[in-house]
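**Q** Sharing a structure with you now.
The values are calculated or read from the model by the stated rules, or taken from the named source; none is laboratory data. Please read these numbers as outputs of a predicted model, since none were measured by experiment. Cβ: placed from backbone, ideal geometry, glycine included. Neighbour counts: every protein chain shown. Heads up: the accessible areas ignore ligands, DNA and RNA and are worked out on the full protein's heavy atoms, side chains in. Shrake-Rupley method; radii C 1.70, N 1.55, O 1.52, S 1.80 Å.
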Amino acid sequence: MEKGKAMERGKRILVVGGVAGGASCAARVRRLSEAAEIIIFDRGPYVSFANCGLPYYVGDVIREEKELLVASAELFKERFNIEVRTESEVLAIDRENREIEVRDSRASRVYREAYDALVLAPGASPVRPPLPGVELPGVFVLRTIPDSRRIREWILSRNARRAVVVGGGLVGLEMAENLVERGLSVTVVEKLEQVLPPLDPEMAVLVKERLASRGVSVRLGDGVASFEGNRDGSLLIRTESGAAEPADLVILAIGVKPEVSLAKAAGLELGGRGGIRVNEAMQTSDPRIWAVGDAVEVRDFITGAWSLIALAGPANRQGRLAADSILGREVSFRGVQATGVCGLFGLTIAFTGANEKTLGVAGVTSYETIYLHPGHHAGYYPGAKPIHLKLVFSTDDGRVLGAQAVGEEGVDKRIDVIAMAIQKHATVFDLAEAELCYAPQFGAAKDPVNVAGMIATNVLRQDLPLVSWRALPGTEALVVDVRERAVFSGGHIEGAVNLPLTELRARMGELPRDREIWVCCSVGQRAYFATRALLQNGFDVRNLSGGFQTYRTFFPSPT
Ligand code: FAD
């Protein structure tokens, strides 16, 4: 309201779904308009609860259910003058009359409400594949507080000892960790050949190793075929490969699908991926209806393709933008980078932007990748832990396209820096120049982000010709390992010759000039020094990207 002006009748804004996207939108509307009438409808018993905390409530890390309630209906009323109606399912949208139909489950009645603007934030529902036995007691999905309460009660009442988690994505792995922490033995069954699909396969190997080290059995490349109930109430999970896994409970975590039934029935445009189609202001094909969160399709920031993304950050930001748009402000959602993070048995796994798989699907070929394994802070300060970092960048202009990192410390802050760089269309030259905070216990004078940028710029400037470990089998090149003799004899690639960096200049004459030379070491640094020396002496040389640390992720020993 402008100064000195009496408050006019505000818009009547109805919000369907009162968690991440819906609650953010409603609260933002109030901050922009005291006059607006705002009502949130949620079919569940709560609004604004922490879905992201649910695995940790199952794991008893979060002890009290009430800790999951970020804001209550009372708080919305008192603090924001927003009315919240829980256990109120919106059944239909009458676009012509600008009304919705609501079922009040408590009073068992159906009524209508008129709107000036309608916001759809219904989220996504967990996929329950139509497999035999999927409805058996003991087979759970996790989306709501009541879901998590049911799983907790089942574990306690059945004294559950064994669990099968179907799906090795973020939620599946968080559940695996929490069930292990509760003392259950856990098997993860994943149809893909890797866990955590946002990672490229060689990075996911590090995650699988951590799972194995904590006793989690991981069955990759195998889908669930059926669930059978035993007389004692336990379950038998049969897989497509014919294996049988006994369990006391099953968690289905094979992904979510956008809740679009309301939008579809109302004739709103849907996209090819099955989500609600919105423009950059989060407006649907009906200019009086906005949609946000897991239910909508948005543009991928890197490839420009329509994508579905089920993450809390985009849902919250979109809710805020929709509110601005409803109240007449110019807004434009930038798209999603799929920046995410996962904690797993002391390991942090984080990612942002495109990986090689998404670039492949989008048909992008003009990119390069590098691997590095720096400490999370200066090596001379006690306790440095390695970060395994993969950077993906454009070979056309050096633009940063994506990054993935795995380690015990300092992973999330590096990926956050790179995420912001991507959003600002930064290049690897920018990463090399980034001025980041440093003291020995926090980082390094050349931070891992700088080092990633420096290696990538070396590649672009042809100072460091790379070759991937993928090219190793059957190569005609001579592999030269420049680690010290003792390290080399502790294990090396078959057929590699050992020429320690310290002896390289004196013994360079032993190397062939008519054959490609591929240089390797532990993490890639000595090999880089060797590559530079050999290049300047006229050899045809390449650096095996990321050193032995990366080699073992391409050719892992079975775990
Ligand atoms: P939601 O938050 O799901 O809210 C939708 C609401 O709409 C629900 O309460 C639903 O009951 C209600 N609703 C649906 N249809 C109707 C209707 N017709 N009438 C009335 N109400 C309706 N994201 C992260 O970024 N990081 C994480 O660590 C993370 N962890 C997660 C862990 C779990 C176990 C789960 C389930 C999700 C996690 N997510 C995480 C994803 C994140 O929670 C979602 O992306 C985010 O909540 C989506 O917000 P939304 O507003 O679109 O939908």
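**Q** Restricting attention to region 319-328, does a residue exist that is under 30 Å from LEU206 (Cβ atoms), open to solvent by 20 Å² or more (accessible area, probe 1.4 Å) and in a loop (DSSP other than H, G, I, E, B)? Let's see the steps before the verdict.
**A** Just the residues of region 319-328 that are under 30 Å from LEU206 (Cβ atoms), to begin with: none.
The answer is no, given that none of the residues of region 319-328 is under 30 Å from LEU206 (Cβ atoms), open to solvent by 20 Å² or more (accessible area, probe 1.4 Å) and in a loop (DSSP other than H, G, I, E, B).
**Q** Filter region 96-111 for residues that are within 13 Å of ARG43 (Cβ to Cβ) and not in a strand (DSSP E or B) and give the result.
**A** Matches in region 96-111: SER105, ARG106.
**Q** Considering only region 491-540, how many residues are of a type in the set (D, E, K, R), without any contact (Cβ under 8 Å) to a residue 24 or more places away in the chain and open to solvent by 80 Å² or more (accessible area, probe 1.4 Å)? So that I can check it myself, show each step before the final result.
**A** Taking region 491-540 as the starting set, the residues that turn out to be of a type in the set (D, E, K, R) are 494, 503, 505, 507, 510, 513-516, 526, 532, 540.
Next, from what is left, pick out any that are without any contact (Cβ under 8 Å) to a residue 24 or more places away in the chain: 494, 503, 507, 510, 514.
Then drop every residue that is not open to solvent by 80 Å² or more (accessible area, probe 1.4 Å), which leaves 494, 510, 514.
Residues in region 491-540 being of a type in the set (D, E, K, R), without any contact (Cβ under 8 Å) to a residue 24 or more places away in the chain and open to solvent by 80 Å² or more (accessible area, probe 1.4 Å): 3 in total.
**Q** Need at least 2 residues that are within 12 Å of the ligand (Cβ to nearest atom) and not aliphatic (A, V, I, L, M) per element, so show me which strands (runs of 3 or more DSSP E) inside region 17-95 make the cut, counting only ones lying wholly within it. Spell out the reasoning first.
**A** On the way: elements: 37-41, 83-85, 88-94.
The qualifying strands (runs of 3 or more DSSP E) are 88-94.
**Q** Moving on to the next point. Looking at PRO440, PRO448, PRO465, can you tell me which residue is touching a His at 6+ places or on another chain (Cβ under 9 Å), within 25 Å of ASP397 (Cβ to Cβ) and either open to solvent by 30 Å² or more (accessible area, probe 1.4 Å) or assigned by TED's automatic domain parsing to the domain that holds ILE370 (or both)?
**A** On the way: PRO440 fails: within 25 Å of ASP397 (Cβ to Cβ); PRO465 fails: touching a His at 6+ places or on another chain (Cβ under 9 Å).
That would be PRO448, the only listed residue that is touching a His at 6+ places or on another chain (Cβ under 9 Å), within 25 Å of ASP397 (Cβ to Cβ) and either open to solvent by 30 Å² or more (accessible area, probe 1.4 Å) or assigned by TED's automatic domain parsing to the domain that holds ILE370 (or both).
**Q** Could you go through region 158-175 and let me know if any residue there is open to solvent by 20 Å² or more (accessible area, probe 1.4 Å) and acidic (Asp, Glu).
**A** Yes, that holds for at least one residue.
**Q** When both residues are 6+ apart or on different chains and their Cβ atoms are under 7 Å apart, which pairs have a first residue that lies in region 332-347 and is assigned by TED's automatic domain parsing to the domain that holds HIS376 and surrounded by fewer than 17 Cβ atoms within 10 Å (Cβ to Cβ), and a second that is of a type in the set (Lys, Arg) and modelled with pLDDT under 95?
**A** No pair meets every condition.
**Q** Follow-up. Answer yes or no as to whether LEU270 is within 19 Å of LYS191 (Cα to Cα), in contact with a Lys or Arg (Cβ under 8 Å, 6 or more places away or on another chain) and either open to solvent by 60 Å² or more (accessible area, probe 1.4 Å) or within 16 Å of the ligand (Cβ to nearest atom) (or both). Even if it seems obvious, please write down each step before you answer.
**A** Numbers: within 19 Å of LYS191 (Cα to Cα): no; in contact with a Lys or Arg (Cβ under 8 Å, 6 or more places away or on another chain): yes; either open to solvent by 60 Å² or more (accessible area, probe 1.4 Å) or within 16 Å of the ligand (Cβ to nearest atom) (or both): yes.
Spelling it out, it is not the case that LEU270 is within 19 Å of LYS191 (Cα to Cα), in contact with a Lys or Arg (Cβ under 8 Å, 6 or more places away or on another chain) and either open to solvent by 60 Å² or more (accessible area, probe 1.4 Å) or within 16 Å of the ligand (Cβ to nearest atom) (or both).
**Q** Continuing with this model, one more query. Please tell me if ASP416 is at negative phi, part of a helix (DSSP H, G or I) and surrounded by fewer than 17 Cβ atoms within 10 Å (Cβ to Cβ). Walk me through it before giving the result.
**A** Numbers: at negative phi: yes; part of a helix (DSSP H, G or I): yes; surrounded by fewer than 17 Cβ atoms within 10 Å (Cβ to Cβ): yes.
Criteria met by ASP416.
**Q** If I ask for residues that are surrounded by fewer than 15 Cβ atoms within 10 Å (Cβ to Cβ) and either among the hydrophobic types (A, V, I, L, M, F, W, C) or in contact (Cβ under 8 Å) with a residue 12 or more places away in the chain (or both), which ones from region 96-115 would you list?
**A** If the condition is that a residue be surrounded by fewer than 15 Cβ atoms within 10 Å (Cβ to Cβ) and either among the hydrophobic types (A, V, I, L, M, F, W, C) or in contact (Cβ under 8 Å) with a residue 12 or more places away in the chain (or both), then ASN97, SER105, ARG106, ALA107, VAL110, ARG112, ALA114 are the ones that fit.
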